[in-house]
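Below is one structure; the comments refer to it alone.
The values are calculated or read from the model by the stated rules, or taken from the named source; none is laboratory data. Computed from a prediction, not measured in an experiment: that's the story for all the values here. All Cβ positions, even for glycine, are placed from backbone atoms using ideal geometry, and neighbour counts span all protein chains on display.
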Amino acid sequence: MTELAASPFVSAGTEFQRAIQVIDSYRVVDEVSFQVTPETWMKTFLNLLDPYRDFMLQKDIDVIMQAADNLYQKLLAGEPEALKSLYDVVNWRMAITVDQASYWLKNEPPMRPKVKYHKPQNWADNDKALRQRWRDKVFYFGLPDMVAGERWNSVAKRTLHAYQRQQTCLQEFDNGKLLEYAVAAYAQLVGVDAAYLPARKNLNLPSLTVPTPNVQPVSQDPYQCELPFISVDDKNRFFASQTFPILAGGVATSVSVLTLPNFDGEMTGNKELQEKIENRVKGFQKKGVSGLVVDLRGNVGESIGDAIFISKMLFGSGLLVQKKEFDGAISVVEYVGEKLYGGVIVMLVNRSTSGAAEVLASAMQGRKQGVVIGERSRGVGKYKDATPLNNGVLEVVIGEYMTLAGHAIKNIGVSPDVEYLFMKSRVRHDAKSYVVALSKQTSFVRPSRQRQTALDAPLPYLRMKQKLRVDSSDSVPSYVLMKRQEDNYASRRNIMDTHSQKQVYRKLLSAQARLAKTGVRDVELFQGLQITQDWIGVKNAGMRSW
């Protein structure tokens, strides 16, 4: 992560001017062939500010567009109050709408929409249409909570409070939130994947009386200005480990589970955490732990330094990943480090695993150091160039990561060596982009030169044992049933029938209760331990490797 030196306050307009200069340096489209006009910029800005088209009416947009040229020129000129002027233009309507919504959401809507909620493409023509949008949206997004027993009034209050906080964050025009939208609008218009990360201020809001069980105070939450409907559903992870005794191939031994924090730069910048993880891995080696399951489920973050730190301990010196820039230049990330663990390594991934965690899993596959299990990862294989500005950092995507075998990670992900059957049955939500990425021959580069070593894991044997275990076990089929009920529950959500949803929810709770009676809480991790046990058993029994 980039550390910024303390600097005196510089006006937001100057920051915007510097940001677009950096973005222009990455533009592919020629400056003469495409010019950003104040009107196109303002329209894109409003699309980002009001993505659900539920704040403003079309007549309000027409009025705002008349001031587009004046506001845009203020930003370029670096006037200190430019963003406040921009906020004043949109705030009056936002405040009116939030106040009206408290009346619109007073009672649960009597009529349910019969189709899945779709984000409107145009702004509403009148207050009646705006009211219907609010009721449909809040009902749709709050349906799972209501099925689980939460009342409509609680869902409505929580939603309104989130929008009130968003409005408060935008009112603090010098905390960088509006500038974040302004830079994103310009970058989107010129075709550059860039994001401005401001050094936000603590707003020190007074305590609010509205009950908000799922909301943290603004001054303590780094994502305090994001709505629950917009922000990604990624939860921060914490470092933890467990050790389980097993019997593998007639030999009593143990397997440990290592849960790593998000690869967001925390490990690289925290010496105390580094020593803690290193000592834990050294302890596994010293105690003779035969197998290690590295839990990367839901691990997000784009710090390649964190991936290198973990790779040093588990794999030793060598190659990590290939980097392909947009101009076609290819390079390889190589590092030097001491290997601290020599046992069997299994990495558990799922569809939420992304960024540097995918790089780590692909490196283990490419270097034949272990086995990846679970389901195909998310597929976020891009790296950025960070440019420090006066009051924040501008990150621009300049290329993509490629596996050591030469395959793209972006939109494809890392394919596990042993895929869980119940995970395989899930439908990918991004199937179209996945097929498109596979069809692009330009997404592949030549494999990197590396010392080829044979993987001693008997993959056909592990896959066979996994299938037999699923077919004969009582707990795993219950978990498969539970997952299918979850998928069915999600797909039927668009029917908007609370009664049928509660029936499905009761079946889901029944499947969870049957699963809990077996003593199994985390079946995905439990099967990872079983696969590790199979692999160690092969080695201890002297069976041949495939």
Complete set of residues in segment 312-332 that are free of Cβ contacts under 8 Å to residues at least 40 places away in the same chain and of a type in the set (S, T, N, Q): Ser317, Ser331
Residue selected from segment 5-47 under the condition assigned to a helix (DSSP H, G or I) and modelled with pLDDT under 75, by the criterion surrounded by the fewest Cβ atoms within 10 Å (Cβ to Cβ): Thr14
Residues located in segment 139-169, provided they are in contact with a Leu (Cβ under 6 Å, 6 or more places away or on another chain) and among the hydrophobic types (A, V, I, L, M, F, W, C): Ala156, Ala162
Within segment 402-426, the residues that are under 26 Å from Glu180 (Cα atoms) and at pLDDT 85 or above are Lys410
Give all pairs with beta carbons closer than 7 Å in which a residue from segment 286-305 that is closer than 19 Å to Glu400 by Cα meets a residue that is β-branched (Val, Ile, Thr); count only pairs at least 6 apart in sequence or on separate chains. Asn299/Thr353; Ser303/Thr268; Ile304/Val333; Ile304/Val359; Gly305/Thr268
Select from segment 287-325 the residues that are out of contact with any Asp or Glu (no Cβ under 6 Å at 6 or more places or on another chain), part of a strand (DSSP E or B) and not polar (S, T, N, Q) and list them in ascending order. Gly291, Leu292, Val293, Val294, Asp295, Gly318, Leu320, Val321, Lys323, Glu325
Matching option when the condition is closer than 26 Å to Ile536 by Cα and either in the same structural domain as Asp264 (by TED's automatic domain parsing) or surrounded by fewer than 19 Cβ atoms within 10 Å (Cβ to Cβ) (or both), among Ser331, Ser354, Ser377, Ser303: Ser377
Qualifying residues in segment 253-296 (those that are among the small types (Gly, Ala, Ser) and modelled with pLDDT of 90 or more) - the one surrounded by the fewest Cβ atoms within 10 Å (Cβ to Cβ): Gly288
Mind listing just one residue for me: the one in segment 427-450 that is more than 14 Å from Arg378 (Cα to Cα) and assigned to a loop (DSSP other than H, G, I, E, B) and, of those, modelled with the highest pLDDT? Pro447
Candidate set from segment 48-63 (those that are part of a helix (DSSP H, G or I) and acidic (Asp, Glu)); member that is surrounded by the fewest Cβ atoms within 10 Å (Cβ to Cβ): Asp62
Out of Leu205, Leu197, report the one residue that is at pLDDT below 75 and of a type in the set (A, V, I, L, M). Leu205
